[in-house]
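S.K.: Before I ask anything, let me first share the structure, which is written out below as structure tokens.
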Amino acid sequence: MSNFLQEMAAASAARAAATNVSFTSHALDRPAFPLRLDRFDLIAEVKNRSPAEGQLATAAESRVERAARYVDGGAAAISVLTEPERFDGQLAHLEEIVEAVSPREVPVMRKDFLVDTGQVLEAKAAGASGVLLIAAILDNRQMSSMLDCAFGHDLFVLLEAFSEDDLSRIKLVAQRFKVREQAAQHRFLLGINTRDLRTLEVDQFRLKRYAPLLPEGVTCVAESGLVAARDAERVAEWGYRMALVGTALMRADDPAELIGGMLRAGRDKVAKCAR
């Protein structure tokens, strides 16, 4: 680790150490909604700002309103940034979106730089149905304990990689969790991020280059840099069956239309590849 990723991991560890909260069984009994997938799907992200892209949220529309438009467009899940220092996020943002979309049984995922099982429990108590984990900031022991915690509380996990070393470690650690069983229930997703969070640089060719390394039987998620329907079609051809889209949707005048177009393009390509 170095630079931005190291900074985020250290800040997250400090927040986790400063949070001395115990959760009652009642708090952790909140329902987790399962992912319902159909050939090609989107996780649509709500975030106030991005260190790479600047301010994204506007006063013209609330987070809840934007999330509702994502659901209208057909998003399979909503990702909510909760990192406070560089993304202006809060756990409260996740809670308000959970409250808004739960009547429609859409799962909400906590996206942050999680380094401690207590943060997974925080997500569950706040109503999340899933969490994002970043392999590069977790050693094998941490990765194992956080996967165990998430699966033990009925959360799905999007485990993110942006190097071949990440992929090798993920495959090694995942063996003890019967990942194929979790993946068959859409509780384990593998993400490939085109943005290297160490440097914030984007490698547009990473998704295609890593396509031959994607494990069979696991829903793989293309992350960062997807802005249009043609991008969904392209990654679907390479074997990805989901995309995580944030900045493009936050900036879209009609995010529901963009989601619908990406879903149609991705699903059409999957159907053609299956013929």
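S.K.: Could you give each residue of region 206-212 its phi-based ³J(HN,Hα) in whole Hz, using Karplus coefficients 6.51, -1.76, 1.60 with θ = phi - 60°, and x for Gly or Pro?
M.R.: For region 206-212, the Karplus-derived couplings read 4, 4, 6, 5, 8, 3, x Hz, x marking Gly and Pro.
S.K.: Within region 111-209, what whole-number % of the accessible surface is contributed by carbon and sulfur, with the 1.4 Å probe and all protein chains included in the calculation?
M.R.: 47
S.K.: Okay, moving on. Please say if region 116-252 is rounded, prolate or oblate, where rounded means a/c under 1.5 for a ≥ b ≥ c the square roots of the C-alpha gyration tensor eigenvalues, and otherwise the choice is prolate for a/b larger than b/c and oblate otherwise?
M.R.: prolate
S.K.: Still on this model: Name the lysines eligible as straight-distance cross-link partners of LYS47: C-alpha to C-alpha under 17 Å, and not fewer than 8 places from it in the same chain.
M.R.: Cross-link targets: LYS111.
S.K.: Excluding same-chain residues fewer than 8 positions from LYS272, which aspartates and glutamates have a Cα within less than 14 Å of its Cα?
M.R.: GLU233, GLU237
S.K.: Here's another thing I want to ask about it. If you average the alpha carbon positions of region 161-186 and of region 1-31, how far apart do those two centres end up, in angstrom?
M.R.: Region 161-186 and region 1-31 have Cα centres separated by 22 Å.
S.K.: A further question on this structure: Where both partners of a DSSP beta bridge lie in region 44-125, what percent of those bridges are antiparallel, to the nearest 5?
M.R.: Counting DSSP beta bridges with both partners in region 44-125, the antiparallel share is about 20 percent.
S.K.: Where only protein heavy atoms count, and the probe is 1.4 Å, what is the accessible area per residue for the chain in Å²?
M.R.: I get 43 Å² per residue for the chain.
S.K.: From the phi of every residue in region 230-236, what ³J(HN,Hα) in whole Hz does the Karplus formula 6.51 cos²θ - 1.76 cosθ + 1.60 yield, where θ is phi - 60° and glycine or proline is x?
M.R.: Ordered by residue, 3J(HN,Hα) equals 4, 5, 5, 4, 5, 6, 5 Hz.
S.K.: When the Karplus curve 6.51 cos²θ - 1.76 cosθ + 1.60 is applied with θ = phi - 60°, which whole-Hz ³J(HN,Hα) does each residue of region 258-275 get, with x for Gly and Pro?
M.R.: Along region 258-275, the couplings run 5, 4, x, x, 5, 5, 4, 5, x, 6, 4, 5, 4, 4, 5, 5, 7, 6 Hz.
S.K.: Arrange the peptides 56-66, 214-224 so that the one whose residues have, on average, the most other Cβ atoms within 10 Å appears first.
M.R.: 214-224, 56-66
S.K.: Right, something else. Round to a whole angstrom and tell me the spacing of the C-alpha centers of region 203-275 and region 99-148.
M.R.: First find each Cα centre; the distance between them is then 22 Å.
S.K.: If you don't mind, there's one more thing I want to ask. Among the lysines, which have Cα under 18 Å from the Cα of LYS269 when same-chain residues fewer than 8 positions away are ignored?
M.R.: Output for LYS269: LYS208.
The values are calculated or read from the model by the stated rules, or taken from the named source; none is laboratory data. Because the structure is predicted, anything quoted here is derived from the model rather than measured. Note that each Cβ is placed from the backbone with ideal geometry, even for glycine, and that neighbours are counted across all protein chains shown. Just so you know, the surface numbers come from the protein's heavy atoms only, side chains and all, with ligands and any DNA or RNA stripped out. Shrake-Rupley method; radii C 1.70, N 1.55, O 1.52, S 1.80 Å.
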